[in-house]
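Bear in mind these aren't lab numbers, they're just calculated from the coordinates by the rules spelled out. Since the model is a prediction, treat every value here as computed from it, not as a measurement.
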């Protein structure tokens with residue numbers, strides 16, 4: 001028996017295999033770097049309390065990191081919370097006297113960012129029932 005000559009279509013294509021493997025790795029690793037970040041507008045209220053609030057309007061839990069961020073870019077060490085459907089979580093911090101601006105950063109680690117509603121409340125004290133200023137995250 002004679003060996004059949006290899007035509008152009010029958011030859012192995014290692015480049016195609018490498019390309020497919022690379023594409024598969026990128027697709028499967030996407031969730032590791034695909035966290036969604038929502039931010040509020042900065043608010044000018046030195047010496048007040050800013051409370052960052054996150055609510056889940058969906059039907060599945062959302063895991064979110066809530067951080068108040070000051071004008072120089074430093075973030076108060078917030079916390080990571082898993083928010084059940086139809087619930088809210090918040091984190092309040094005193095703004096430093098002389099700090100002109102602060103805003104809230106919400107980083108969604110798991111769950112749908114479309115179902116997260118983030119906002120801030122600025123008040124005189126941490127447990128005040130009234131907000132002087134409010135704003136929504138986008």
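Of note:
- Bins of 10 Å from zero: percent of alpha-carbon pairs in segment 36-132: 18, 49, 27, 5, 0
- In plain terms, the chain from residue 134 to residue 79 could stretch by 17.7 nm, reckoned as 0.36 nm per residue minus the Cα-Cα distance.
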